[in-house]
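Right, one structure below, let's go through it.
Values in this text are rule-based calculations from the coordinates and carry no lab data. Just so it is clear, the model here is predicted, and its values are computed rather than measured. In this analysis, Cβ positions are derived from the backbone assuming ideal geometry, glycine residues included, and neighbour counts consider all displayed protein chains.
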Amino acid sequence: MTSSDRSHPIRSWIIEHVLENPKKAIALPVLFTLSIGLGINYLVIDDDMMAMLPETLDSRMSWDAVQDEFGSTEVIFIAFGNKGKTVYSSESFALLWDLTKALENVNQVEKVSCITTISKIDSEDGFMEISDLQPARDLSLSQIDKIKEYLISNPTIKKRAVSESEEYLNIMVQPYEDIPHDIMRDVVVAIGDSILSADYEIHYGGTAYITGSVPTMIRNDITILIRVGLFIMAIVLMVNLRNPFAVIMVFSVIIQSLVVMAGFMGWMVFITGSERFYFTIVNSSMPIILLTIANSDGVHFVAKFFKEMRNKKDVKKSVEATMDTLLVPIFLTSLTTMAAFLSLSFAPIKQLMGYGICISVGIAHAFFLSSTFLPAAISLKKWDMNSKAVTRPSIFENLITYFGKTVSTNPKSILGSGVLIATAGIIGLLYLKVDVNIASFFRQGTEFRNSIDFIDQEMTGTMDIRVRLEGSMKNPRTLNEIVNLQDMLENNKKVTTSFSIADVVKQMHRVVMDDDPDFETIPEDQGKVNNLFSMYSMSGDPEDFSALVDYEYSVGLVTALSRVMSTEEIISIVDEIEEYVGDLKSVGSASVTGMAVVIRDLVYLVVQSSVISIVMSVILIGLITSLFFKRIAWGMMAIIPLSVAVVINFGFMGLAGIHLSHVTALLASVIIGVGVDFAIHYISQYRRLSKISEKNALTNDVIEDVGYPIILDSASNMSFGALLFSAFIPVQYMGGLMVFAMISTSIGTLTFLAAMAELLKNNLSER
């Protein structure tokens, strides 16, 4: 052991334990990794957007009530046909029949809605007669003409069954509520592809189809992103460290940290069953973020080790000196980064709570590995003292001198430039918008975006709004208020159609009045309404109305389908509907739900989560740093540059037209969590060197010491660029923004923070 200053007993014990028992220091972390990693078997990848909403939220409670009473409202659309060809052909209806029967025989399917399953309401000698709209598989031309005539006379039904161009037939598949969407999607697609010939265009859509595709996309994303991220990181590290073993050691820290994080998520699902630990699209950036954080610990250690080797020419002494210098700052950076991510536990979105907890476990393990496994492995290696890695400075090391000289001579100019950039960021914040629309997740031209666009252009659209109404659904006054509500809904240009039990009552009333269109109204007397339902039950099945009313006719459901809307349009229409139903007189209570409402409420939660995350992160990091370094000034020095970085990055989003979503909302925590590493390392070395360096040379000495690992860390963290290859647009944005954040936080630390310290050096000295 050397005479290095290791006054802290814990730090001294760790150094002694690792250097005297290196094999044990390697074996224990590896065994821990393997045991926690077994939890990966229980990892759940989830696609449910509704699960993001708190269970106590009004729209979530309304959604749950609708699911319980009327079955799943998240459906899969199958549209098939050919551009330029009419669907009114015997071949098309035969395929529709085959497809319907095949889907109805699937255990996961609760209901299939299309021409084949629609009940036709006719009158025979003044009596109501219920029959199948499509009576058989093989139809004559006259039978097809009758179907066409019926659809024309019932436009509400036609809109849901046939495209406006009459070139495509539509099938709506309703799964049972508890069936995972990915399983449902695979089943429906397999049946559709097997029955529909190659001569037909096939388009799948609907919320259940899109969300059901997400788990597979997430799995593919994770595989691609980690590979690309590691590849980028390997190149940067190899060019600068110039030693394969050093790169492998850094990678071993990264991979073990990822395994522990994923395993911990799985174990938490197994133990608690909580949805907050499910892996969702919100979590898709977790692996690449932890990859960069774990890389930071390893890079700082290896870079410092090589620098010590140049001076000491002894492996054990170099490892000891490296540990002595870095254990505290690495611990503190890990602690503050964990605090930043744990601040997400205060967010109202459950998945963000789980995000913060699980990535914090991965960060803690990265610190454990960097403090034990990594130095132990390095100490056992026989190093070539004449290698380039040991004897020659790397590319980035040669650039650091520039920063030191510039900051030392121009601190006021640098600080002023930082203020100007921050001001531009504040201006950009004024243009920042929130958008969580699922359509915006996919690029134009991709399979999923094409699906959404097709359903929007040719069919009824994929967005749904549901209004749940309590009251007598046989009361003419209630029914008329439902009619007025539907008129209000359809006055919106984005709403393609709406349907309710009131449509059925109007249709039945017209039919029994000799099919006179003038009587397509709600009867004035409740007795007449009762008679209509009684007549229907004589030849029809009352279960036909199960998606419209409950068994007691005391709860009704109005469904509106719409084209994709912007978040602003969604907020506007949902607020308008809520105001409208609040004034209904004959309804006991009314609530609005559906995917549009989910998106509206997610917007509010995203903004709330982002604000909470930023405020809590700044407070926690400021407190921890102040307490650890025993001066409030150091806490302020740590959080000011980070706050500026957050403002700059969010301002850039506003100026670049990048929307804030439940994915990009994580940006603040990531910036603070990763950027604080740079600030802590700078402050820690500043305090250490201020005891021994001359004041005039202090800033230059600090930058010379920590500048290289900070720049190397930032450069290797360009692996965030791997997110640009994601299938999800918000994740792509996240990648680009994080590349920008790494550049801004690392350079900001070596300029803005360094300039602040230079100007305040008389007050900050630790002598």
Item to check | Contour excess over end-to-end distance, with Cα ends at ASP138 and GLU552 and 0.36 nm allotted per residue | outcome: 145.2 nm
Checklist entry - For the Cα atoms of the chain, what angle does the longest principal axis make with the long axis of helix 447-458, in degrees from 0 to 90, nearest 10? => result 30 degrees
Next on the checklist: Calculate the FRET efficiency for GLU149 and SER123 from the Cβ-Cβ distance with a Förster distance of 22 Å, rounded to the nearest 0.05.
Outcome noted: 0.90
Checklist outcome for this item: Compactness check, segment 193-325: C-alpha Rg relative to the 2.2 N^0.38 Å globular estimate gives 1.55
Checklist entry - Tell me, what is the FRET efficiency for ILE271 and VAL615 to the nearest 0.05, using R0 = 22 angstrom and their Cβ-Cβ distance as r? => result 0.10
Checklist outcome for this item: Low-density loop trypsin sites (Lys or Arg not before Pro), segment 56-111, at most 10 other Cβ within 10 Å, DSSP non-H/G/I/E/B, are LYS83
Item to check | Student exercise, segment 75-205 dipole from Lys, Arg, Asp, Glu Cβ charges, in Debye to nearest 20 | outcome: 260 debye
Next on the checklist: Taking θ = phi - 60°, what integer Hz values does the Karplus form 6.51 cos²θ - 1.76 cosθ + 1.60 yield along segment 623-633, in sequence order, with x for Gly and Pro?
Outcome noted: 5, 4, 5, 4, 5, 5, 8, 6, 8, 4, 4
Next on the checklist: Beyond a 24 Å Cα-Cα separation, which of these cross-linked pairs lie in this structure: LYS307/LYS412; LYS159/LYS528; LYS23/LYS388; LYS85/LYS158?
Outcome noted: LYS307/LYS412; LYS159/LYS528; LYS23/LYS388
Item to check | Under Karplus coefficients 6.51, -1.76 and 1.60, residue-wise ³J(HN,Hα) of segment 345-351 in Hz, glycine/proline x | outcome: 5, 8, 6, x, 7, 4, 5
Checklist entry - What does the convex hull of the Cα atoms of segment 727-767 come to per residue, in Å³, rounded to a whole number? => result 70 Å³
Item to check | Lys, Arg +1 and Asp, Glu -1 on Cβ, resulting dipole of the chain about Cα centre, debye, nearest 20 | outcome: 6320 debye
Item to check | Cα-based radius of gyration of segment 331-419 once divided by 2.2 N^0.38 Å, which approximates compact folds | outcome: 1.68
Item to check | Using alpha-carbon coordinates, inclination of helix 141-153 to the longest axis of the chain, degrees | outcome: 70 degrees
Next on the checklist: Using a Förster radius of 30 Å, what is the FRET efficiency between LYS695 and SER413 based on their Cβ-Cβ separation? Nearest 0.05, please.
Outcome noted: 0.90
Checklist entry - Which value, in Å to one decimal place, does the Kirkwood hydrodynamic radius take for segment 574-664 when every pair of different Cα atoms is included? => result 16.6 Å
Checklist entry - Using a simple spin-label model with points 7 Å from Cα along the Cα→Cβ vector, what separation in nm is obtained for ASP98 and LYS585? => result 5.6 nm
Item to check | Radius of gyration, Dmax [the chain; alpha carbons; angstrom] | outcome: 32.0, 109
Next on the checklist: Could you tell me how far the Cα centroid of segment 73-112 sits from the Cα centroid of segment 257-324, in Å?
Outcome noted: 51 Å
Next on the checklist: Residue by residue through segment 646-658, what is 3J(HN,Hα) from phi via Karplus (6.51 cos²θ - 1.76 cosθ + 1.60, θ = phi - 60°)? Round to whole Hz and write x for glycine and proline.
Outcome noted: 4, 4, 4, 5, 5, x, 4, 4, x, 5, 8, x, 8
Checklist outcome for this item: Tilt, helix 729-748 to longest principal axis of the chain (alpha-carbon atoms), in degrees rounded to tens, equals 20 degrees
Checklist entry - For segment 476-575, max minus min Cα coordinate along each principal axis, in Å, sorted largest first? => result 47, 30, 22
Next on the checklist: Based on the alpha-carbon set only, what is the convex hull volume of segment 75-205 divided per residue, in Å³?
Outcome noted: 115 Å³
Item to check | Furthest towards positive pole of dipole, VAL187, SER92, ILE130, structure part segment 75-205, Cβ charges | outcome: SER92
Item to check | Beta bridges by DSSP in the chain, antiparallel share as percent, to the nearest 5 | outcome: 95 percent
Item to check | Mean separation of Cα contacts under 8 Å, 6 or more apart, over the residue count of the chain: relative contact order % | outcome: 20 percent
Checklist outcome for this item: Under 5 Å from the placed amide H of LEU660, counting only residues 5+ away or on other chains, we find LYS433, VAL434, ASP435
Checklist entry - How many nm is it between the label spots at LYS24 and ILE183, if each spot is 7 Å from the Cα in line with the beta carbon? => result 4.9 nm
Checklist outcome for this item: Per the helix-only model, the chain has a calculated mean residue ellipticity at 222 nm (DSSP H runs of ≥4, -39500 (n - 2.57) each, divided over all residues, rounded to the nearest 500) of -21000 deg cm²/dmol
